[in-house]
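Each remark here refers to the structure printed beneath this line.
Just so it is clear, none of the values below were taken in a lab; they were calculated from the coordinates. All values reported here derive from a predicted model rather than from experimental measurement. Cβ coordinates were reconstructed from backbone atoms using ideal geometry, including for glycine residues, and neighbour counts include every protein chain displayed.
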């Protein structure tokens, strides 16, 4: 790799780390797993940096690597979720929306990585179905199916009313 490529990659990484980390966190649901996923994905991207023709689309390239890496880890059995603190079932103290968000992200973190990635890309990153399909390397139909099944699982664990309020706020 040429020095100019290394500098360009370093600049890209410094500029986009926060946004990419946020996406990795939403895919994994854990800070340490997100750091590991992003670092692994950036290392893979660095190796193939010369092949990334459109440097403006480098975010999309890294997101796709993250989705594939997370799915690969899930298939290999690395889907345990470590936690430092057990959840406290105490009262909400009048912070119902914060509690709702915590419960929602707990349920989302229990979904398989492709479903989680689909929800993150569609509703957090606000990508279209076609853009999400391109990011994930699958068909639009697969995105629709993953979204449908993910929302169906969330509805069954959260209830329709809670999910309806959340999805209206997300759009």
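Couple of notes before you dig in:
- For the peptides 7-17, 124-134, residues were scored by their other Cβ atoms within 10 Å and the scores averaged per peptide; the highest-first order is 124-134, 7-17.
- Residue separation of residue 102 and residue 157 scaled by 0.36 nm, minus their Cα-Cα distance, works out to 18.4 nm of gained length.
- Kirkwood-type radius of segment 3-75, with distances r between different C-alpha atoms, in Å: 12.3 Å
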